[in-house]
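The values are calculated or read from the model by the stated rules, or taken from the named source; none is laboratory data. Quantities reported herein were computed from a predicted structural model and do not represent experimental measurements. Cβ: placed from backbone, ideal geometry, glycine included. Neighbour counts: every protein chain shown. Surface accessibility is based on the protein's heavy atoms, side chains included, excluding ligands, DNA and RNA. Shrake-Rupley method; radii C 1.70, N 1.55, O 1.52, S 1.80 Å.
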Amino acid sequence: MAIFPLLAVAAAVISSNDGDVILVPPNVSGPHFDIAVVMLEGAGISAAAYTPLLQQLQKDGAASTTSVTSVWAGCPQVALSTVDPLNIASAISRTVTALKAKGMPASTPVFLMGHSLGGAMLELYAYSNPAGFAGCVFMGSFITRSRRNADGVPAYPLPSLTLAGELDGLSRVTRNGAEAFHVQVGLAVNRTDAAINMGVVVLPGVSHMQYASGTPPLLVKARDLLPEISYEAAHAAMSQMILAFLQVHTCHDQTAATTLLNAADTTESFVTPIVAALQQEGSPFLKPPCNSDFATNPTCHYPSWPAKCLIPGAHPKKPNPLPPADCTCGSPWVMSTAHTMMAGLDQIPGSPHISVVSNDAFHDPSDVTPFHLAHIFNNCDENASACVLNSTTVDNLKFETLENADTGFVAISAVEMQAKLKSREAFWQAAGVADVDSNATDLTGSRCKEINAAAWAWALKTAAPATMARFNKVGEQYVMGDDVNSPIGITGPTWIKKQLAYNRRNASGPNGRSYIEVQSPRFFVKNKKDGNVPFTDPVGMHYCKLLSPARAIEWIYVDSLRMYDSLENHTAISM
């Protein structure tokens, strides 16, 4: 592991008896700005481990050609190297006191910085105690979703800068970088203002541990990815962004503002494929989902069917607050790709000019107040020169249990998309095809597998070239397995409880590496009377557990690298 070299002009390191690190800035001649930073350590990482980064920041501040900056820096050593709500205030206070004792002017603006757990505790503390501080820098941590209003718009009481390592294995770039950038900057009314006051910057090739130095603690070693740049280069990249943030909010330095705006452009280019995948999924973390029982978005055009309850007088519970007017109607992937592939209208013998338009809505498949079922609303004449079948689907996104904690530790994409689709048999009958054989349309082959293979192909095509080069070198592939029949059981449809399976197979896959087999449960119900039966008899259905395009992208960018390109597991192919 690279260790930052000691420089003749570097700040003097003064450690108190309890391990606090106090860094006095190097001497500068002439006019300058005084700025203080208090760094909060990650769990299990000593305060001293942040000395290289803080020294780099001091060096760059003193060498600034536009706003010479004396950076007074400190990092308090807390018990067990674990910042928590009980010790954070005193840790910050004693660090500021120590800096003043070493000569820092009393009027010096103080910025707070935090890494990993230290950043998470800082986000919580500064939100409730902003007075007396000039801004926050989050490293391997971020502003949580709890700071967003009902419309999904974030707010924080202090200017902030979020740094996201591309190869951060603990605070993943999909959350720390892509989601944070899209919500805080991409959707902002004033993008320039957002990039400066709530900016998010992705640092290429940087891992979670590289904000610090030394030996990583056990959890970091177990979860972090292998960095692609040196610690010195990582600290230089971080320092450039941090110094620009400090200077623009203290010195009103226009060059610093340009640095942040250029970084926003670069970050936007990086996160675009990830954001596109989350949008295909219909991720609730980019924008709140709609509720088709209480329509608020006039563009959804979703006719709920059958919109009836088994119990007379039962009604769905009205959400409070209602979803915003620009809420997400449903999954674009299900609407534009999954249902079209399931319909298979292009495979009808003679290829009649029939197409499908599908609208999707998010609902739990077990929700029966009212029932929410996929439906085809019209029929086509087999002799028609052109016809459009209007249909609806029902979709539910399932996430990993720990995702609710919003730590960035687990995937932010849906682990599965529970999709209620109409069967190919039902579509072909609605298209006017006579004597449709359901064995040929729905039971021969694996329709869910085909759709999931399309999601994987979409992700491979959408991911950035540099990301794909890394993935092809050290990533584990997804390989689609055949659908698993999931019929009605004693307690009801077994399809609801059966999950989309992700099973690691031994090193017999592409490039001689292990791979993940993705396998969907399938629930098929034969159509009858062309679907003209009571809603209590749900016929002509073909339900799938779908691979989300966002899950596929997130696998390529982050989790596929853990087996062969992490701190704990890496081989010659990683080097």
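Points to keep in mind about this one:
- Selected residue [out of contact with any Leu (no Cβ under 6 Å at 6 or more places or on another chain) and within 30 Å of Thr272 (Cβ to Cβ)] from Thr441, Thr494, Thr467: Thr467
- Segment 60-95, subset part of a helix (DSSP H, G or I) and over 35 Å from the mean Cα position of the chain (by Cα), residue surrounded by the most Cβ atoms within 10 Å (Cβ to Cβ): Ala62
- Taken over segment 537-551, the criterion of being under 17 Å from Val479 (Cα atoms) and either at pLDDT below 95 or open to solvent by 10 Å² or more (accessible area, probe 1.4 Å) (or both) is satisfied by Arg551 alone.
- Extreme residue, nearest to Ser331 (Cα to Cα), among residues of segment 434-452 that are open to solvent by less than 40 Å² (accessible area, probe 1.4 Å) and among the hydrophobic types (A, V, I, L, M, F, W, C): Ile451
- Residue list for segment 257-269, filter: open to solvent by 40 Å² or more (accessible area, probe 1.4 Å) and small (Gly, Ala, Ser): Ser269
- Neighbours by Cβ (under 9 Å, 6+ apart or cross-chain): first from segment 150-161, closer than 18 Å to Phe133 by Cβ; second open to solvent by less than 20 Å² (accessible area, probe 1.4 Å) and among the charged types (D, E, K, R): Tyr156/Glu123; Ser160/Glu123
- Filtered residue count, segment 437-463, keeping only those that are among the hydroxyl-bearing types (Ser, Thr, Tyr) and in a helix (DSSP H, G or I): 3
- Residue match in segment 239-247 (condition: in contact with a Leu (Cβ under 6 Å, 6 or more places away or on another chain), under 30 Å from Thr66 (Cα atoms), buried (at least 17 other Cβ atoms within 10 Å of the Cβ) and free of Cβ contacts under 8 Å to residues at least 24 places away in the same chain): yes
- Close contacts from segment 365-394, counting a first residue that is without any contact (Cβ under 8 Å) to a residue 40 or more places away in the chain and a second that is charged (D, E, K, R) and surrounded by 20 or more Cβ atoms within 10 Å (Cβ to Cβ), with Cβ to Cβ under 8 Å and a gap of 6+ residues or different chains, come to Val394/Asp360; Val394/Lys420.
- Restricted to segment 100-148, and to residues there that are in a helix (DSSP H, G or I) and among the basic types (Lys, Arg), the residue that is most open to solvent (accessible area, probe 1.4 Å) is Lys100.
- Segment 453-481, residues that are of a type outside the set (A, V, I, L, M, F, W, C) and surrounded by 13 or more Cβ atoms within 10 Å (Cβ to Cβ): Thr462, Thr467, Arg470, Asn472, Lys473, Gly475, Glu476, Gln477, Tyr478, Gly481
- Looking only at segment 171-200, residues that are closer than 14 Å to Val271 by Cβ and of a type in the set (Val, Ile, Thr) come to 5 in all.
- Residue within segment 304-321 that is open to solvent by 30 Å² or more (accessible area, probe 1.4 Å), within 29 Å of the chain's Cα centre (by Cα), at pLDDT 95 or above and over 14 Å from Ala431 (Cα atoms) present: no
- Of all residues in segment 270-289, those satisfying the criterion of being open to solvent by 20 Å² or more (accessible area, probe 1.4 Å), touching a residue at least 60 places away in the same chain (Cβ under 8 Å) and either of a type in the set (Val, Ile, Thr) or not in a strand (DSSP E or B) (or both) are Phe270, Ala276, Gln280, Pro284, Phe285, Lys287, Pro288.
- Just one of (1) in contact with a Pro (Cβ under 7 Å, 6 or more places away or on another chain); (2) over 22 Å from Val248 (Cβ atoms) fails for Pro130. It is (2).
- Among the residues listed as Val173, Val201, the single one being closer than 18 Å to Val37 by Cβ and either buried (at least 24 other Cβ atoms within 10 Å of the Cβ) or of a type in the set (S, T, N, Q) (or both): Val201
- Residue among Thr174, Thr215, Thr258, Thr266 that alone is over 29 Å from Pro31 (Cα atoms), over 17 Å from the mean Cα position of the chain (by Cα) and assigned to a helix (DSSP H, G or I): Thr266
- On the stretch given as segment 204-227, residues that are within 24 Å of Ala257 (Cβ to Cβ) and either surrounded by fewer than 24 Cβ atoms within 10 Å (Cβ to Cβ) or out of contact with any strand residue (DSSP E or B) (no Cβ under 6 Å at 6 or more places or on another chain) (or both) total 1.
- Some residue of segment 550-558 being of a type in the set (Ser, Thr, Tyr), over 24 Å from Phe427 (Cβ atoms) and more than 22 Å from the chain's Cα centre (by Cα): no
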